[in-house]
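Heads up: the structure comes next, in structure tokens.
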């Protein structure tokens, strides 16, 4: 650490000024994950559900086809880093679904009901 003194010699010679402290610009906060932001995103996810490619990814992850899911996501999203983030998010969603008893029960195949055919009046 150089010795600070009032003489204008050495590397720090010249007019002494105070360091200008810059205030944080509001534009720098864009995209930051806050508690409110996370809450809003969770509500939007709950209302809108998953995109078709996300549903396919979740199905691939359920049957332990991680590598295939990664290749699929890379093709859809364009780069490896985005695909990794999306796969981690999908893995978390699969874990949450497996822990909830109501959702696991709804994944069972539905019992096929009797439907009458309007053309030949026969039941299928």
Identify, by number, the condition in (1) over 23 Å from residue 99 (Cα atoms); (2) surrounded by 10 or more Cβ atoms within 10 Å (Cβ to Cβ) that residue 17 doesn't meet. (2)
Does residue 58 qualify as being free of Cβ contacts under 8 Å to residues at least 60 places away in the same chain, within 17 Å of residue 85 (Cα to Cα) and under 14 Å from the mean Cα position of the chain (by Cα)? yes
Quick check on segment 38-54: of everything there that is outside any loop (DSSP other than H, G, I, E, B) and surrounded by 12 or more Cβ atoms within 10 Å (Cβ to Cβ), which residue is farthest from the chain's Cα centre (by Cα)? 53
Can we say residue 72 is surrounded by 10 or more Cβ atoms within 10 Å (Cβ to Cβ), in a loop (DSSP other than H, G, I, E, B) and modelled with pLDDT of 90 or more? no
Considering only segment 20-37, state which residues are in a helix (DSSP H, G or I) and surrounded by fewer than 10 Cβ atoms within 10 Å (Cβ to Cβ). 26, 27, 28, 29, 35, 36
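The values are calculated or read from the model by the stated rules, or taken from the named source; none is laboratory data. Just so you know, these numbers come straight off a predicted model, no measurement behind them. Glycine gets a Cβ as well: all are built from the backbone with ideal geometry, and neighbour counts include every protein chain shown.
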